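**Q** Quick one: the structure is below, and I'll ask about it shortly.
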Amino acid sequence: MKIGICSDHAGLDYKTRLISYLLGKGYEVVNFGTDSTDSCDYPDFAHPLANAVAAGEVDGGIAICGTGNGMAITLNHHKGIRAGLAWNTAVAALVKEHNNANVLVLPARFVSYAMANACVRTWLATPFAGGRHQRRIDKIEA
Ligand code: RB5
């Protein structure tokens with residue numbers, strides 16, 4: 001499975017650690033930046049990740065900024081992207097089970113790294129439930 005990942009400066013440390021974690025678990029990882037601690041603009045990294053997910057170049061994405069909201073707002077401008085913010089494992093499970101989020105968004109300034117990692121593991125392991133949730137997703141695109 002190939003995962004795209006991006007962050008701004010606020011999410012860089014968690015991105016770096018998550019890349020190591022995912023590679024260690026056998027995932028293929030495409031890093032869309034940033035790779036600097038310099039202050040930067042989250043859309044510069046969210047748009048390329050969204051394009052790659054929407055085009056099927058990666059199987060899913062992870063995006064990290066301070067609150068997660070800048071990434072989520074930007075990603076959700078793209079047709080076919082369902083970017084969902086998670087801050088605990090219950091929400092990380094539901095964002096896949098109910099919303100079939102193809103990008104997981106993490107708020108680095110408001111969760112520990114251990115929690116961010118747990119959210120990633122949960123999101124990856126949880127299947128989409130389909131059924132009434134597919135009907136609701138269809139209405140997003142309608
Ligand atoms: C950067 O200071 C911060 O604004 C950004 O990481 C994010 O929280 C925006 O939504």
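**Q** Taking the condition of being more than 23 Å from SER20 (Cα to Cα), open to solvent by less than 50 Å² (accessible area, probe 1.4 Å) and within 16 Å of the ligand (Cβ to nearest atom), how many residues in segment 73-104 meet it?
**A** Counting residues in segment 73-104 that are more than 23 Å from SER20 (Cα to Cα), open to solvent by less than 50 Å² (accessible area, probe 1.4 Å) and within 16 Å of the ligand (Cβ to nearest atom) gives 2.
**Q** To continue, here is another question. Of the residues that make up segment 105-112, is at least one in contact with a helix residue (DSSP H, G or I) (Cβ under 8 Å, 6 or more places away or on another chain), open to solvent by 30 Å² or more (accessible area, probe 1.4 Å), under 24 Å from ASP13 (Cα atoms) and not in a helix (DSSP H, G or I)?
**A** Yes, segment 105-112 contains a residue that is in contact with a helix residue (DSSP H, G or I) (Cβ under 8 Å, 6 or more places away or on another chain), open to solvent by 30 Å² or more (accessible area, probe 1.4 Å), under 24 Å from ASP13 (Cα atoms) and not in a helix (DSSP H, G or I).
**Q** Pairs under 9 Å by beta carbon, first residue part of a loop (DSSP other than H, G, I, E, B) in segment 64-80, partner basic (Lys, Arg) and more than 9 Å from the ligand (Cβ to nearest atom), six or more apart or different chains?
**A** ASN76/ARG82
**Q** List, please: which pairs have Cβ atoms under 7 Å, are six or more places apart or on different chains, and start with a residue in segment 33-47 that is open to solvent by 100 Å² or more (accessible area, probe 1.4 Å) and end with one that is in a helix (DSSP H, G or I)?
**A** THR37/HIS9; THR37/LEU12; ASP38/HIS9; SER39/HIS9
**Q** Scan segment 112-126 and report the pairs whose first residue is farther than 11 Å from ILE62 by Cα and whose second residue is among the acidic types (Asp, Glu) and in a helix (DSSP H, G or I), with Cβ atoms within less than 6 Å and a gap of 6+ or a chain change.
**A** Pairs that qualify, where the first residue is farther than 11 Å from ILE62 by Cα and the partner is among the acidic types (Asp, Glu) and in a helix (DSSP H, G or I), are THR126/GLU97.
**Q** May I ask you to list pairs of residues, at least six apart or on different chains, whose Cβ atoms are under 7 Å apart, with the first in segment 1-24 being charged (D, E, K, R) and the second being assigned to a helix (DSSP H, G or I) and within 15 Å of the ligand (Cβ to nearest atom)?
**A** ASP8/PHE45
The values are calculated or read from the model by the stated rules, or taken from the named source; none is laboratory data. Owing to the predicted nature of the structure, the values given are computational and were not obtained by experimental measurement. In this analysis, Cβ positions are derived from the backbone assuming ideal geometry, glycine residues included, and neighbour counts consider all displayed protein chains. Accessible surface is based on the protein model in full, side chains and every heavy atom, while ligands, DNA and RNA are left aside. Shrake-Rupley method; radii C 1.70, N 1.55, O 1.52, S 1.80 Å.
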